[in-house]
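Notes follow the structure.
The values are calculated or read from the model by the stated rules, or taken from the named source; none is laboratory data. Worth saying up front: this structure is predicted, and the values here are computed from it rather than measured. We place every Cβ from the backbone using ideal geometry, glycine too, and count neighbours over all the protein chains shown.
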Amino acid sequence: MLASVYRNTAAKSLKSLVPKVGATSTASSHNLVTRRFKSDDAGEQEESRHHADSLLNIIANSINSQTSGSVANEQFRMARGNFHRGDIYKPSDLNDSKPTTYAPPPKPVDQLKILKLNPIVEYKNATLLSHYITPLGRLMSREQTGLSAKNQRRVTKAVRRARAMCIISPTAKLH
Amino acid sequence: MVFYELFCISRTRLVEANLKDLVKQTSMIVMNKGGVVRNLKPLGEKQLPYRIRKHQEYHVQGYQWLMQFDANPTVVNELNKRLKVDPRVLRHAVIRLGSKLENIVASAEKTGTRV
């Protein structure tokens, strides 16, 4: 099915984007002998910041800030054999050329699960949490964030904690 | 031992000696009770997202810092009591990070927050 292909490629593309953090230390020690200089620490910090930024970009791009469009659902509804009493239809809906079933909308991918982030530990990270609140500072629903139930609960807890601790504004998205 | 994290917002424009004294006092509370202070991290002076009222004053800016430590749960009570009364502290929260170091470190490395 087309849907399953889409689903798998979405998950794979997200995974491939994230560089594995822990892998380099053991792998490189076998092959290379690297000398550590004092200036390396500055580079490391920059690298980790760059890494953090790329993570945030991944999250930002995969959030659907509007509730999922009902276009696909509407098409599914209008397909032949799916009429119900009281429905409104167009003449073209009665054409035989339309396929009988449509692919359901793609299943949302939980970014935090793939990136292996625990939102509760990141309660201090206003930039990360800002992705899960609307411009008015309200928490997004699970439809919009695409998170699993468990992670949605954790994000909610983290945001409420951050609000209480004066890290996030309850009425605006500042970061 | 359980791993805790104290996230504290103290007043801005404290004299450096005063701020150091505050941080030292809170660390000593933990250490006197047999705890271990693992990390003291300054997070900088920031504009607060909303106005705070504390100790009969309004505050718009605060100096954020972080203390990570292992200690008994009884120490947390003591900390909270002292920080609530301290006039230099605006907000404080002691958060339990977990009981296993591996879980905490693995998660923190990803977003560049150092444990």
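Observations on the model:
- Looking only at the range A:119-149, and only at residues there that are part of a helix (DSSP H, G or I) and aliphatic (A, V, I, L, M), the one that is farthest from A:Cys166 (Cα to Cα): A:Ala149
- Evaluated against (1) without any contact (Cβ under 8 Å) to a residue 60 or more places away in the chain; (2) within 14 Å of chain B (Cβ to nearest Cβ), A:Tyr102 falls short on exactly one condition, (2).
- Any chance A:Asn151 is crowded, with 17+ Cβ neighbours inside 10 Å, more than 12 Å from chain B (Cβ to nearest Cβ) and within 21 Å of A:Asn61 (Cβ to Cβ): yes
- Within the range B:20-49, the set of residues being more than 21 Å from B:Gln61 (Cβ to Cβ) and part of a helix (DSSP H, G or I) comprises B:Lys24, B:Gln25, B:Ser27, B:Met28, B:Ile29, B:Val30, B:Met31, B:Asn32.
- Single unsatisfied condition, A:Ala126 versus (1) of a type outside the set (D, E, K, R); (2) under 18 Å from the mean Cα position of the chain (by Cα); (3) more than 11 Å from every other protein chain (Cβ to nearest Cβ): (3)
- Number of the condition not met by A:Gly146 [criteria: (1) away from chain B (no Cβ under 12 Å); (2) within 30 Å of B:Lys54 (Cα to Cα)]: (2)
- Pairing residues of the range B:39-64 that are within 12 Å of chain A (Cβ to nearest Cβ) with residues that are of a type in the set (S, T, N, Q) and loosely packed, with under 12 Cβ neighbours inside 10 Å, at Cβ distances under 6 Å and at least 6 apart in sequence or on separate chains, gives B:Gln61/B:Gln47.
- Test: residue in the range B:67-78 that is under 16 Å from B:Leu19 (Cβ atoms) and away from chain A (no Cβ under 12 Å): yes
- Filter pass, A:Asp110 being more than 21 Å from A:Leu174 (Cα to Cα) and without any contact (Cβ under 8 Å) to a residue 24 or more places away in the chain: no
- Taken over the range B:3-55, the criterion of being basic (Lys, Arg), surrounded by 13 or more Cβ atoms within 10 Å (Cβ to Cβ) and more than 17 Å from B:Val75 (Cα to Cα) is satisfied by B:Arg11, B:Lys41, B:Lys46, B:Lys54.
- Counted residues, the range A:105-118 - those being facing chain B (nearest Cβ under 10 Å) and either assigned to a loop (DSSP other than H, G, I, E, B) or surrounded by fewer than 16 Cβ atoms within 10 Å (Cβ to Cβ) (or both): 3
- Qualifying residue in the range A:79-101 (condition: assigned to a loop (DSSP other than H, G, I, E, B), within 18 Å of the chain's Cα centre (by Cα) and modelled with pLDDT under 90): no
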